[in-house]
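A short worksheet on the structure shown next.
Every number here is computed from the coordinates shown, using simple stated rules; none is lab data. Since this is a predicted model, take the numbers as computed values, not measurements. Here the Cβ is made from the backbone with ideal geometry for all residues, glycine too, and neighbour counts use every protein chain on show.
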There are 2 protein chains.
Amino acid sequence: MNIFLDAMGGDNAPYEIVKGAVDAVKEYGVTLTLVGRRSVIEDELSKYDYPKDKIEILPAETVIENSEEPAMAIRRKPDSSLVVALEEMKTRENAVLISAGSTGALLSGGLLKLGRIKGIKRPALAATIPKNDGVFLLIDTGANADCKPEYLEQFAQLGKIYSENVLGKINPSIGLINIGAEAKKGNTLVKAAYELLEAGDFNFLGNVEARDIMETKADVLVCDGFTGNVVLKLTEGTADFIIKGIKKSILSSTKGKIGGMLIKDNLKNFKKQFDYAEYGGAPFLGVKGGIIKAHGSSDAYAIKNAIRQSIKFVENDVLKKISENAKKMEA
Amino acid sequence: MNIFLDAMGGDNAPYEIVKGAVDAVKEYGVTLTLVGRRSVIEDELSKYDYPKDKIEILPAETVIENSEEPAMAIRRKPDSSLVVALEEMKTRENAVLISAGSTGALLSGGLLKLGRIKGIKRPALAATIPKNDGVFLLIDTGANADCKPEYLEQFAQLGKIYSENVLGKINPSIGLINIGAEAKKGNTLVKAAYELLEAGDFNFLGNVEARDIMETKADVLVCDGFTGNVVLKLTEGTADFIIKGIKKSILSSTKGKIGGMLIKDNLKNFKKQFDYAEYGGAPFLGVKGGIIKAHGSSDAYAIKNAIRQSIKFVENDVLKKISENAKKMEA
């Protein structure tokens, strides 16, 4: 299996990335390729006991930093872990790259080096988000700030295929993020997208208002990349803000402090449910290769889960299904 | 002072509306006009002891329901509390109408009956939202789903005037909701709006990412009405979801239950800080009259606060300042 791991990207690279890789080969028996400085990776690997034939190293001397302009960095750093990995992926079938490094560089690089799958108008970045019962997939979360209705229709197709094959949903239901529940609501973009989704081959549930997102019945929520990015970050920001505020309020009284100690485990359990690390990374769908963006602060556990996600991606032939679907839609 | 109160709109009309009016005339010494069925309002008023000369009744036989198509309802129900109030406002200077009824009908009615202030491209609905330290004003929260950059520039002007004159901010700072902190980020709309805000006469802080909205340093956050509505409702939805989730988690263990009892007051204090009722209603800015949309579930306390907000609106001549600013911008 061709799973590549950018060993140099992310806040905790290379140690947590390498540790995640070691844990994954032990747990899943998968073969992985770590991309980055050989000496650094070997140093990290030497700390662990694991089946040596399961981890290969693809050497790359530099790394693209978050502060670099993505497209420029891709051109100027052919020896970076990201570009070396992408170039290697081009020579393989059904390959996946996981990186916790710069999101912009990963999307730019994926698009420039691998290219779009034939028939795909705009590749999109999706995110798996925990809700009251399980998860939903949000697509697009920021790859396309300006969208046309037909892009949103295609995001729904990409989301449907991913949701079915990686998240294990049966006949995934689709919702359209909107500012009202009725069909005629919204801006020009979503009104037109609504008609396309209703007419298309979807289990379409209609509009989903922002108030109901965290308890939506839909498996896939579709929106333009600007809205999706706002939804993703506002959800995180508001959750952090509320939890911080409650903690502060609890610590403001002695009675509260005692109560706070008693509910500590409950709070921890609740937070665990919404830990991004449980759900792997964000798939960039529509390019000729699997691209999984892991959270910048990913630890070994998050990386291991992103590897599990990549295995499903490969085993269930997501790329081929996207390609076939795009062909069908074009025909 | 010409403050009109739609006595028939909202989930708790007429009793909570009338009670809020009574409380306000007693506390602020203001004169109010209640609009709606005379007999119903008189019945409610008869329950209270208050200075009789401070509350007038403007009779109206019907009421526009939330389920009605707004523009149609405005035309078909000239005898509704909303339309009667708006017609009366046209004959007065510096009048304000507060309604907890249908948002759509209030905005449509305000626009159709009162009209835009000269020079205003698109009136906008703003909301006062509590954050970590105080409040910020979000504009537009849904009146304009499709926007042009120059509308956003004008929303900033409207927000600045309101924030200065009703919320008491000095030289209010403006932030632009965007999907990145850098100037070149975002979709076509916000990129162009960024340049206008930077070039304009604003205390402009630049882009504000959705993750940081609840702790923003800006006094006014500007966005198109689609994004604003998503932000407003997602913030509410996520907060509710988190608080509900924490409660559920606490109740799942005996230790947690005891802890939960001890932190009850802290939670209540925290929630109070985010109670919409504290901050009055949402002003619809840019029409020839003050329009305040109170929350549908407003109680007497929320109505009393909306009246306090209306007093400031009138006393500080917000309409005149909007008009003068629009003239200056056109010149």
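Of the GluC sites (Glu not before Pro) in region A:158-224, the ones in a loop by DSSP (not H, G, I, E or B) with at most 12 other beta carbons within 10 Å are A:E182. Computed on the Cα atoms alone, the convex hull of the protein assembly as shown gives a volume of 171 cubic angstrom per residue. Of the residues B:L152, B:V222, B:P130, the one whose Cα sits farthest toward the positive end of the charge dipole of region B:127-280, with +1 on the Cβ of Lys and Arg and -1 on the Cβ of Asp and Glu, is B:P130. With the label put 7 angstrom out from Cα along the Cα-to-Cβ vector, B:E87 ends up 7.8 nm from the copy partners, going from closest to farthest. For the protein assembly as shown, the Cβ-based charge dipole about the Cα centre amounts to some 520 debye (Lys, Arg positive; Asp, Glu negative; other atoms uncharged).
In order along region B:179-186, the phi-based Karplus estimate (6.51 cos²θ - 1.76 cosθ + 1.60, θ = phi - 60°) of 3J(HN,Hα) comes to 9, x, 7, 6, 4, 8, 7, x Hz; Gly and Pro are listed as x. The trypsin sites (Lys or Arg not before Pro) of region B:161-225 that DSSP puts in a loop, and whose beta carbon has at most 14 other beta carbons within 10 Å, are B:K184, B:K217. Sparsely packed loop sites in region B:14-66 (the trypsin sites (Lys or Arg not before Pro) outside DSSP H, G, I, E and B with at most 12 other Cβ atoms within 10 Å) comprise B:K47.
About its Cα centre, region B:232-282 has a charge dipole of approximately 340 debye under the convention of +1 per Lys or Arg Cβ and -1 per Asp or Glu Cβ, with nothing else charged.
Shape of chain A from the C-alpha gyration tensor: oblate (a/c of 1.5 or more and a/b not above b/c, with a ≥ b ≥ c the square roots of its eigenvalues). Counted over all Cα-Cα pairs of region A:125-277, pairs farther apart than 18 Å make up 60 percent.
Position A:K272: other-copy label points at 3.5 nm, ordered by increasing distance, label point 7 Å along Cα→C-beta.
With a 10 Å cut-off around each Cβ of B:245-254, the average count of Cβ atoms from other chains is 5.
For peptide B:209-216, the mean count of partner chain Cβ atoms within 10 Å of a residue's Cβ comes to 6. Each copy carries a label point for B:L112 at 7 Å from Cα toward Cβ; from one copy, the others' points are 5.5 nm away, ordered from shortest.
State the Kirkwood hydrodynamic radius of region B:1-98 in Å, one decimal place, computed from all pairs of distinct Cα atoms. Roughly 13.6 Å, rounded to one decimal.
What percent antiparallel are the DSSP beta bridges of the protein assembly as shown, to the nearest 5? Looking only at bridges with both residues in the protein assembly as shown, the antiparallel portion is about 30 percent. Think of chain A as a dipole: +1 on every Lys or Arg Cβ, -1 on every Asp or Glu Cβ, centred on the Cα centre; then among A:P78, A:G180, A:L232, A:G180 lies furthest on the positive end. Where both bridge residues fall in region B:127-280, DSSP classifies roughly 30% of the beta bridges as antiparallel.
Among the listed pairs A:K264/B:K248; B:K244/B:K264; A:K191/B:K118, a Cα-Cα separation exceeding 20 Å is found for A:K191/B:K118.
Straight-distance candidates among the lysines for linking to A:K52, with alpha-carbon spacing under 18 Å and chain neighbours fewer than 8 residues away dropped: A:K19, A:K26, A:K304.
Basic side chains Lys and Arg get +1 at the Cβ, acidic Asp and Glu get -1 at the Cβ, and with that the dipole of region A:123-237 about its Cα centre reaches some 140 debye.
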